[in-house]
Amino acid sequence: MERRSFIKNTGLLTIGAGIAGTTAFAAELPANKLPNWRGFNLLDFFSPKPSATGRKTTEDHFRWMRDWGFDFVRIPIAYPYYLAFDHNKQITPEEVYKIDEARVEEIEKLVAMAHRYNIHVSLNLHRAPGYCINAGFHEPYNLWKDEEALKAFCYHWSFWAKRFKHVSEKKISFDLLNEPAMREDMNDQHSRITAVPGQVYRKVAQAAATAIRTENPSRLIIADGNNVGTSVIPEIIDLDIAQSCRGYYPGKISHYKAPWANKDPENLPEPKWPGQVGNEYLGREMLEKHYQPWIDLVKKGVGVHCGECGCWNKTPHAVFLAWFGDVLDILQSNKIGFGLWEFSGDFGVLNSRRADVEYEDWYGQKLDRKLLTLLQRTH
């Protein structure tokens with residue numbers, strides 16, 4: 001669709017801002033409207049630069065996922081990956097609309113590969129026009145403040161809605177935007193972050209959902225929680241949009257020594273679970289309190305899934321497994337599925353490069369068998 005026709009037809013020129021113990025009570029909860037998907041994030045298209053992508057997902061990977069009992073992958077995409085422009089220069093607002101067909105076909109091939117193994121795909125814009133939780137690519141505008149960014153955001157989702165128009169909602173869903181937050185400087189990784197004002201989030205989510213459902217009324221749509229995926233979004237409960245939480249709380253465990261999440265990563269207290277870490281006691285009770293709003297959201301009839309979870313490889317492995325076992329138990333006791341970040345890589349079940357793990361050789365890959373066993377206990 002030509003850009004001006006798209007804007008006119010979807011009405012974006014005038015759209016306004018209208019737009020106690022967890023486990024013990026799990027049996028009393030209503031069914032989660034979302035399936036209890038369990039699986040992984042795949043980072044094939046995570047980088048804005050196609051030349052910077054790492055190892056690719058293969059048929060073997062999907063076969064292993066299926067054989068290990070998993071049925072879900074989330075594919076976080078940086079929108080510049082599938083655009084035709086000079087990736088060595090800053091993108092212009094006009095170039096945000098220049099789709100590269102060859103790159104789109106790469107994404108379609110990965111989706112089709114997942115479907116051959118009966119794995120549901122959640123297609124996610126990890127970087128969208130005007131927003132990403134990660135810096136490293138200069139955004140030309142701000143999704144939460146600029147109408148041009150919102151128009152481009154909806155254009156991209158309309159595009160994907162058309163590309164997968166004839167694929168069943170049982171096979172693919174759309175996760176609108178990774179970990180929304182209001183960042184003071186969109187291009188500064190460590191600038192101050194706050195929650196997106198509720199009505200602003202509603203405006204953006206409703207506009208994108210309208211763009212998608214204009215092409216495909218039955219498409220399942222998911223919105224990541226506010227404030228970097230951590231908070232329920234009450235302002236969109238009535239919009240027939242599911243919501244996605246995160247399994248990274250507390251960050252003292254999940255992102256220990258991570259340089260993108262800590263200004264001084266080398267001077268942090270040693271993580272323990274359970275135990276005293278710095279001035280805070282970390283234990284299961286804090287997790288139950290943290291996830292209660294998401295459990296309550298399920299009670300209100302909203303589908304909930306944990307789109308990302310896991311732990312970077314600097315946290316001691318025994319601490320990671322003890323903490324993650326509690327996270328998974330709380331989620332699964334309430335029929336909330338999950339997607340581990342990632343399948344293969346520093347957070348993954350394969351090739352995580354931990355210094356304190358005795359890896360099992362798995363067809364040339366380094367398998368963290370203890371983590372895999374923990375994940376499989378949720379089946």
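Label-to-label distance for Thr378 and Gln276 is 3.3 nm, based on points extended 7 Å past Cα in the beta-carbon direction. Would you mind checking Lys49/Lys203; Lys263/Lys314; Lys314/Lys335; Lys171/Lys252; Lys165/Lys300; Lys49/Lys370 for any pair whose Cα atoms are more than 25 angstrom apart? In this structure, Lys49/Lys203; Lys314/Lys335; Lys171/Lys252; Lys165/Lys300; Lys49/Lys370 lie more than 25 Å apart at Cα. Sorted ascending by nearby beta carbons within 10 Å, beginning with the fewest, Ile99, Ile336 become Ile99, Ile336. Rounded to 0.05, the FRET efficiency of the Glu288 and Arg55 pair, given R0 = 41 Å and the Cβ-Cβ distance, is 0.65.
With the Cα gyration tensor of region 50-193 giving a ≥ b ≥ c as the square roots of its eigenvalues, does the rule (a/c under 1.5 for rounded; else a/b larger than b/c for prolate; else oblate) give rounded, prolate or oblate? Prolate is the answer for region 50-193, as a/c is 1.5 or above and a/b outweighs b/c. Placing +1 on the Cβ of every Lys and Arg and -1 on the Cβ of every Asp and Glu, with nothing else charged, gives the chain a dipole about its Cα centre of roughly 620 debye.
Neighbour counts of other C-beta atoms within 10 Å: give me Ser231, Ser191, Ser122 arranged from fewest to most.
Ordered from fewest to most neighbouring Cβ atoms within 10 Å, Ser231, Ser191, Ser122 come out as Ser191, Ser231, Ser122.
The Ala261 and Ala355 beta-carbon pair, evaluated with R₀ = 30 Å, returns a calculated FRET efficiency of approximately 0.95.
Judged by the ratio a/c of the largest to the smallest principal axis of the C-alpha gyration tensor, the chain counts as rounded, that ratio being less than 1.5. The alpha carbon radius of gyration of region 114-200, expressed as a multiple of 2.2 N^0.38 Å, is 1.24. Estimated from helices alone, the mean residue ellipticity of the chain at 222 nm is -9500 deg cm²/dmol (sum of -39500 (n - 2.57) over DSSP H runs with n ≥ 4, per residue). Put a plus charge on the Cβ of each Lys and Arg, a minus charge on the Cβ of each Asp and Glu, and nothing anywhere else: the dipole of region 236-379 about its Cα centre is then about 100 debye.
What are the semi-axes of the equivalent ellipsoid of region 206-313, taken as the square roots of 5 times the eigenvalues of the Cα gyration tensor, listed largest first and rounded to whole Å?
Working from the Cα gyration tensor, I get semi-axes of 33, 16, 10 Å.
With the convex hull drawn over the C-alpha atoms of region 163-256, the volume per residue is 126 Å³. P(r) tail for region 41-88: Cα pairs beyond 16 Å make up 47% of the total.
Taking a ≥ b ≥ c as the square roots of the Cα gyration tensor eigenvalues, region 246-379 comes out oblate, since a/c reaches at least 1.5 and a/b does not exceed b/c. In straight-distance terms, cross-link reach from Lys299 covers every one of the aspartates and glutamates whose alpha-carbon lies under 15 Å from its own, apart from those fewer than eight places away in the same chain; here that gives Glu28, Asp238, Asp240.
The numbers here are math on the coordinates, done by the rules we state, and not lab data. Model, not experiment: these values are computed from the prediction. Cβ atoms come from the backbone with ideal geometry, glycine included; neighbour counts cover every protein chain shown.
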